[in-house]
1. Would you list which lysines come within 16 Å of Lys54, measuring only between C-alpha atoms, while excluding same-chain residues fewer than 8 positions from it?
2. Two-decimal Rg/Rh of the chain from alpha-carbon positions, Kirkwood Rh?
3. Under 5 Å between amide hydrogens, which residues at least 5 positions from Gly89 or on another chain qualify, with H placed 1.01 Å from N in the peptide plane?
4. Modelling each spin label as a point 7 Å along the Cα-to-Cβ direction, I'd like the Asp241/Asp197 distance in nm, to one decimal.
5. Suppose the chain between Asn75 and Glu226 were pulled fully straight at 0.36 nm per residue; how much longer would it get relative to their current alpha carbon spacing?
6. Show me the three semi-axes of the equivalent ellipsoid for the range 124-183, from the C-alpha gyration tensor (sqrt of 5 times each eigenvalue), largest first, rounded to whole Å.
7. What does the convex hull of the alpha-carbon atoms of the range 1-70 project to on average, in nm²?
8. How far, in nm, would the chain grow between Asn52 and His172 when pulled straight, counting 0.36 nm per residue and subtracting the alpha carbon separation?
Amino acid sequence: MYGAIIGDIAGSTYEFKNAVKADFDLFPGGSTFTDDTVLTIAIADAIVSGRNYKESLIEFARKYPNAGYGMGFMNWFHRADPEPYNSFGNGSAMRVSPVAYAFNTIEEVLEEAKKTAEPTHNHPEGIKGAQATAAAVLLARTGKSRKEIKEFVEETFGYDISGTYEELRARHKPNVICQYTVPASIICFLSSGSFEDAIRRAIWIGGDSDTLACITGSIAEAYYKEIPPYMVKIAEEKLDDYLLDRVHRFRELYF
């Protein structure tokens, strides 16, 4: 999960405040975890504890109520009995990556990804975004090539990820829906040369930088297998003891 968490932290200060130069500071002052990290860990904790995803998402969101949630999600977790609100925002994709480590077949991963989305993002595009992200992470984790990942995502989900990174950056406009964010994040990964390069590419295109980098980072970690130790150290320093403990519990079982 460090890939997703590091992407979130690195992108946090650049969210809708684009970096002004290509060699931007990856962790400037004020960098912090946001809702992307909190809800990713909520999914991981639900898997470890065996409870349902809805219960875990509500518990973590209420424990960290100021993590920067979208208005729809914030209204959701404050309700007495939250019901799905048909969202196709990118929140379903940003939190799903633990599924691709806890389950080992594409069928299992797609089904579990659907379950993680449904408490809130029960729109078909919300579910598809979670499934495509989780599938990409699983394929990367199990040694598939970039070409195989690209072809599976395009053929299974109908996303167009054929463009180059340069084309993506030239046309990029801030957007927080799954059907934009997920393909853009995958293009950032596909065009990268390392984990750090993938994170930088996701942030450099601008817009919803923390979520773009969170999704990109989750795939890049699975593909490159290694993350620069200094990045892991920064992430661990940014998390509080409760969140870090949940990360360690999950990693002990599935990494």
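1. Straight-distance partners of Lys54: Lys63, Lys114, Lys115.
2. On the way: Rg = 16.2 Å, Rh = 17.5 Å.
In the chain, Rg relative to Rh is 0.93.
3. Here Cys178 satisfy the definition.
4. Inter-label distance under the simple model: 4.1 nm.
5. Values: separation 151, 0.36 × 151 = 54.36 nm, distance 3.76 nm.
Here the segment from Asn75 to Glu226 would lengthen by 50.6 nm.
6. On the way: eigenvalues 76, 47, 17 Å².
Sorted largest first and rounded, they come to 19, 15, 9 Å.
7. Values: hull surface 21.1 nm².
In nm², the orientation-averaged hull projection of the range 1-70 is 5.3.
8. Values: separation 120, 0.36 × 120 = 43.20 nm, distance 3.61 nm.
39.6 nm is the gain from fully extending Asn52 to His172.
The values are calculated or read from the model by the stated rules, or taken from the named source; none is laboratory data. As the structure is a computational prediction, the values presented were derived from the model and not from experiment. Don't worry about glycine lacking a Cβ; one is built from the backbone with ideal geometry, like all the others, and counts go over all protein chains shown. SASA here: full protein model, heavy atoms, side chains in, ligands and nucleic acids out. Shrake-Rupley method; radii C 1.70, N 1.55, O 1.52, S 1.80 Å.
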